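Participant: Below: one structure in structure tokens.
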Amino acid sequence: MKPCDVCGARRAVVFQRHTGRALCLECFREDIVARARREAEKWRMFEPGDVLMLALSGGKDSYVLLDVIGEIAKPSRVLGVSVVEGIPGYNREDDVRRLKAVARERGIDVVVTSIREYVGHSLYEIIVRARRRGLRYSPCTYCGISRRRIINAVARTYGATKVATAHNLDDEAQTAVINFLRGDVAGLVKMHPLHRPRTSDVLPRVKPLRKVYEWETAALAHLKGYPMQETECMFINLQPTLRARVREALYRVEWERPGTLMKLMESLDEALAPLAARGDLEALGRCERCGEPTTPGRRLCKLCEILEEAGISKPIYTLRVASLPRS
Ligand SMILES: [Zn+2]
Ligand SMILES: [Zn+2]
């Protein structure tokens with residue numbers, strides 16, 4: 001390959017279609033770090049004294065977040081959390097061990113918990129029960145709602161002030177389009193980096209990689225030799241979710257017009273900033289069962305609701321708190 005378009009010295013290893021540049025590994029990584037840092041500064045994602053909880057799945061995006069976080073935020077402490085879903089053949093102990101080892105090299109301890117530990121049933125068990133009752137939600141719905149709750153609970157337990165997730169540009173563009181298709185304007189506003197939860201029980205979530213393409217996190221993780229999860233979730237092809245269809249459509253659009261997803265998110269950021277900054281003053285309700293915040297007027301929170309439908313009316317909602325070295 002030709003020399004890098006930025007430094008001119010090293011051999012280019014990637015071609016960045018949205019900028020038309022060929023970059024060497026060092027300049028490619030620097031470009032990703034700079035973009036994440038710019039995004040973090042623009043929306044003031046981090047503040048002095050923050051205790052950050054990194055939500056780490058063990059996929060490529062997790063490794064990129066671990067790789068760059070030290071250069072974009074200066075929190076007083078960083079921890080990680082990984083939630084084992086409980087899907088046969090997926091998220092095995094080896095993946096978690098590798099993730100912990102890479103985090104440890106960066107001085108980051110990772111709390112490992114599971115859906116089974118928190119709810120009392122693994123994701124697989126929950127899905128089997130739901131199917132028996134004829135429910136046809138996508139497995140990703142159960143997984144997403146449970147994981148989000150558990151990550152927030154772990155972050156609170158360990159005194160974090162913010163949760164940082166590794167969502168990339170493709171994830172965000174897909175979610176935006178799904179919200180559009182559902183006519184969910186509140187959902188669009190909630191994605192905005194200026195949006196803050198209405199209760200201190202839910203920690204603010206920041207997404208420093210939200211302007212980094214998925215192929216970029218994949219390429220960087222690969223080029224840096226990170227030990228990525230090789231197994232695919234068994235549910236991924238079970239049922240073509242709306243997200244899977246949107247993902248495919250957006251890939252095609254981006255391929256034909258490189259930079260489209262970036263422009264989409266940048267336009268939305270500008271258009272929705274005033275709404276997101278204003279916030280919503282309507283107070284949240286409380287779940288009758290577990291006491292967690294829920295949408296006003298609702299009896300149960302989202303997690304209790306989907307579990308109840310699946311026949312699980314007594315989730316345990318507990319976390320084993322492992323002692324981590326302080327500081
Ligand atoms: Zn270079
Ligand atoms: Zn609840």
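Participant: Provide the percentage of antiparallel DSSP beta bridges, counting only those with both residues in the chain; round to the nearest 5.
Facilitator: Details: 6 of 22 bridges.
Roughly 25 percent of the beta bridges in the chain run antiparallel, per DSSP.
Participant: Skipping prolines and chain starts, which residues have an amide H placed within reach, meaning under 5 Å, of the one on VAL206, given they are 5 or more residues away or on another chain?
Facilitator: Placed amide hydrogens put VAL163, ALA164, THR165 under 5 Å from VAL206.
Participant: Same structure, new question: Need the C-alpha centroid separation for the range 34-62 versus the range 290-306, integer Å.
Facilitator: The range 34-62 and the range 290-306 have Cα centres spaced 28 Å from each other.
Participant: Using a Gaussian network model of the chain whose springs link C-alpha atoms within less than 10 Å, name the residue from VAL13, VAL83, VAL33 with the highest mean-square fluctuation.
Facilitator: In the Gaussian network model the winner is VAL13.
Participant: Specify, per residue and in Å³, the volume enclosed by the convex hull of the alpha carbon atoms belonging to the range 158-242.
Facilitator: Values: hull volume 13.3 nm³, N = 85.
Given the Cα convex hull of the range 158-242, per-residue volume reads 157 Å³.
Participant: From the cross-link list LYS74/LYS207; LYS60/LYS302; LYS60/LYS207, which pairs have alpha carbons spaced over 26 Å apart? Before the final figure, lay out each step's value.
Facilitator: Numbers: LYS74/LYS207 15 Å; LYS60/LYS302 28 Å; LYS60/LYS207 15 Å.
Pairs exceeding 26 Å: LYS60/LYS302.
Participant: Further, regarding this structure: For the range 175-187, just list the computed ³J(HN,Hα) in residue order, Karplus coefficients 6.51, -1.76 and 1.60, θ = phi - 60°, integers in Hz, with x standing in for Gly and Pro.
Facilitator: 4, 4, 5, 4, 4, 4, 4, 8, x, 9, 5, 4, x
Participant: Looking at the range 42-309, what % of the alpha carbon pairs are farther apart than 24 Å?
Facilitator: Working: 18569 of 35778 pairs.
Result: 52 percent of Cα pairs exceed 24 Å.
Participant: Determine, from the Cβ-Cβ distance of THR318 and THR141 and an R0 of 22 Å, the FRET efficiency 1/(1 + (r/R0)^6), rounded to the nearest 0.05. It would help to have the intermediate numbers written out before the result.
Facilitator: On the way: r = 23 Å, r/R0 = 1.03.
Computed FRET efficiency for THR318 and THR141: 0.45.
Participant: Also, I was wondering about something else. If you place +1 on the Cβ of every Lys and Arg and -1 on the Cβ of every Asp and Glu, how big does the dipole about the Cα centre of the range 132-273 come out, in debye to the nearest 20? Walk me through the intermediate numbers first.
Facilitator: Working: 23 positive and 15 negative charges, 154 e Å.
Around 740 debye, computed over the range 132-273.
Participant: Follow-up question, since we're still on this one. What number, in percent, do you get for the relative contact order of the chain if the mean sequence gap of Cα pairs under 8 Å and at least 6 apart is divided by its residue count? Don't skip to the end; give the middle numbers.
Facilitator: Numbers: 491 pairs, mean separation 69.0, N = 327.
It rounds to 21 percent for the chain.
Participant: Continuing with the same structure: Is the C-alpha gyration tensor of the range 96-252 telling us rounded, prolate or oblate? Criteria: a/c under 1.5 is rounded; beyond that, a/b larger than b/c is prolate, otherwise oblate. If you can, show how the numbers build up before the last one.
Facilitator: Details: a/c = 1.17, a/b = 1.09, b/c = 1.07.
Judged from the Cα gyration tensor, the range 96-252 comes out rounded (a/c under 1.5).
Participant: Among the trypsin sites (Lys or Arg not before Pro) within the range 154-224, which fall in a DSSP loop and have no more than 14 other Cβ atoms within 10 Å of their own Cβ? Present the calculation step by step, with values, prior to reporting the outcome.
Facilitator: Numbers: sites: ARG156, LYS162, ARG182, LYS190, ARG198, ARG205, ARG210, LYS211, LYS224; in loops: ARG182, ARG198, ARG210, LYS211, LYS224.
Passing sites in the range 154-224 are ARG182, LYS224.
Participant: I've got another one for you. Find, to one decimal place in angstroms, the Kirkwood hydrodynamic radius of the range 1-96, where the mean of 1/r is taken over every pair of different Cα atoms and then inverted.
Facilitator: Working: mean 1/r = 0.0637 Å⁻¹.
So the Kirkwood estimate lands at 15.7 Å.
Participant: Within the range 283-315, whose backbone N sits under 20 Å from a point 7 Å along Cα→Cβ of GLU125?
Facilitator: 290, 303-315
Participant: Still on this structure, I have one more. Among THR241, THR165, THR217, which one shows the highest mean-square fluctuation when the chain is modelled as a Gaussian network with alpha-carbon springs under 10 Å?
Facilitator: With Cα springs under 10 Å in the chain, the top fluctuation among THR241, THR165, THR217 is at THR241.
A short reminder: the numbers here are calculations on the coordinates, not readings from a lab. Source: prediction; values computed, not measured. Here the Cβ is made from the backbone with ideal geometry for all residues, glycine too, and neighbour counts use every protein chain on show.
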